[in-house]
Amino acid sequence: MEKNLLDFQFHYILKAAGVHSMDAIVYNDCEKQLIASIYYLADLFELDKDAISIEVLARGEGGVKEWLRINVAEKVMLPVVIAILTIWAQHYFNSDMETSNQTKTNIEAAIALKEAGFTYEEAEALVKDNPKLMDFCSKYYKSAQKDTSLQEIETSLGDEDKVVHFKSSIKAVDFSTHIVEIRKNTNVIHGTTIAVASPVLADVKRLKWRGVYNLNSIPFTIEDNDFIDKVHNRQVKFEFGTTIKCDLRIEETQAGSKAPTYKYVVEKVHSWSDGVHYVDGDKSYLAAENKVDELPKDSI
């Protein structure tokens, strides 16, 4: 299998000169959060299941250096993976790149992401203030903070041609700026109604449905595969005023003092109506006749 390699270096700079060791538990905890973050990023951007794999290379000295080798399955995806990791590092490792270099890096990232169907702004929105990434990051710095010998952490990403795509660094005194308390709350509302404003007719994971719930416009996803199959098979009509009666899960997440974010998930669709048709399970009716006349299943 062709190997397209990226080497992600994390350099733990220690306060004492000539020391090349750090707390093993801290080191392993930090490594765990880094690997989890990278795999989550791959899932977040809908890369194929086997798009990347991660190996740990021999550790280096000069403080303590760790290399995570990322094997990208297809060469065409290398620029995309570099762009995603660059955005992640800029937001979670307090990049100290010069403005000119950062601008050049962002332009390259934008070009690569466009090929994958994302704008730079869309990609940045997915990564910045993402509750799960913030949680991984918080755990990483909580662990790092426990080793009082640490002075600074530098990161860099290079490829097989020794091209360094970015460098960033964060001082130990700033670790606390990334440590936040993540508070979560989940509520399920059974049998509620959403007015569908914009359905998702294609099987594209990152696209969200849009609708109106409690007079508020919301993005949402649907977990009811039976209903989704009907949508893809054009068995569900979407006209102005289409509504679904459903079980709605609302996931609230708040990171530190930031404003809470909400994720809306439709667990089950019980019925739908477009103002003319009313469909409840396998039963189809004309809404105008108050569900008196049942329609044949293939009539809508």
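The values are calculated or read from the model by the stated rules, or taken from the named source; none is laboratory data. Please read all numbers here as calculations on a predicted model, not as lab measurements. Positions of Cβ are generated from backbone atoms using ideal geometry, with glycine treated the same way; all protein chains shown enter the neighbour counts. Surface areas here come from the heavy atoms of the whole protein model, side chains and all, with no ligands, DNA or RNA. Shrake-Rupley method; radii C 1.70, N 1.55, O 1.52, S 1.80 Å.
Considering each of 103, 99, 86 in turn, give the residue that is farther than 23 Å from residue 161 by Cβ and either modelled with pLDDT of 85 or more or more than 14 Å from the chain's Cα centre (by Cα) (or both).
On the way: 103 fails: farther than 23 Å from residue 161 by Cβ; 86 fails: farther than 23 Å from residue 161 by Cβ.
Only one candidate qualifies: 99.
Any idea which of (1) open to solvent by 60 Å² or more (accessible area, probe 1.4 Å); (2) over 24 Å from residue 161 (Cα atoms); (3) modelled with pLDDT under 85 is the one residue 2 doesn't satisfy?
Just one mismatch for residue 2, condition (2).
What pairs can you find where one residue is in the range 229-244 and touching a residue at least 12 places away in the same chain (Cβ under 8 Å), the other is surrounded by 14 or more Cβ atoms within 10 Å (Cβ to Cβ) and assigned to a loop (DSSP other than H, G, I, E, B), and their Cβ atoms are less than 6 Å apart, with a gap of 6+ or different chains?
Here the result reads 237/274; 238/199; 239/274; 242/274, each pair linking the range 229-244 to a residue that is surrounded by 14 or more Cβ atoms within 10 Å (Cβ to Cβ) and assigned to a loop (DSSP other than H, G, I, E, B).
Can you name every one of the strands (runs of 3 or more DSSP E) wholly within the range 174-246 that holds 1 or more residues which are in contact with a helix residue (DSSP H, G or I) (Cβ under 9 Å, 6 or more places away or on another chain) and exposed (fewer than 14 other Cβ atoms within 10 Å of the Cβ)? So that I can check it myself, show each step before the final result.
Numbers: elements: 182-198, 209-213, 216-222.
Correct list: 182-198.
Can you tell me which of (1) outside any helix (DSSP H, G or I); (2) within 21 Å of residue 82 (Cα to Cα); (3) at pLDDT 90 or above; (4) not polar (S, T, N, Q) is the one residue 152 doesn't meet?
(2)
Mind listing whichever residues of the range 127-149 are in a loop (DSSP other than H, G, I, E, B), at pLDDT below 90 and open to solvent by 30 Å² or more (accessible area, probe 1.4 Å)?
Across the range 127-149, the qualifying residues are 128, 129.
So residue 162 passes all but one of these: (1) over 30 Å from residue 22 (Cα atoms); (2) open to solvent by 80 Å² or more (accessible area, probe 1.4 Å); (3) not in a strand (DSSP E or B). Which condition number does it fail?
(1)
Return a yes/no flag: does the range 48-59 have any residue that is of a type outside the set (A, V, I, L, M), surrounded by fewer than 17 Cβ atoms within 10 Å (Cβ to Cβ) and in contact (Cβ under 8 Å) with a residue 40 or more places away in the chain. Give the steps one after another, and end with the answer.
Residues of the range 48-59 of a type outside the set (A, V, I, L, M): 48-50, 53, 55, 59.
Next, only the ones that are surrounded by fewer than 17 Cβ atoms within 10 Å (Cβ to Cβ) stay: 48-50, 53, 55, 59.
If we keep only those that are in contact (Cβ under 8 Å) with a residue 40 or more places away in the chain as well, we get none.
No, every residue in the range 48-59 fails to be of a type outside the set (A, V, I, L, M), surrounded by fewer than 17 Cβ atoms within 10 Å (Cβ to Cβ) and in contact (Cβ under 8 Å) with a residue 40 or more places away in the chain.
Would you be able to tell me the number of residues in the range 247-277 that are touching a helix residue (DSSP H, G or I) at 6+ places or on another chain (Cβ under 7 Å) and open to solvent by 50 Å² or more (accessible area, probe 1.4 Å)?
Initially, the range 247-277 is screened for residues touching a helix residue (DSSP H, G or I) at 6+ places or on another chain (Cβ under 7 Å), giving 253, 255, 261, 269, 273, 275-277.
Filter once more, so that each one left must be open to solvent by 50 Å² or more (accessible area, probe 1.4 Å): 261, 275-276.
Residues meeting the conditions: 3.
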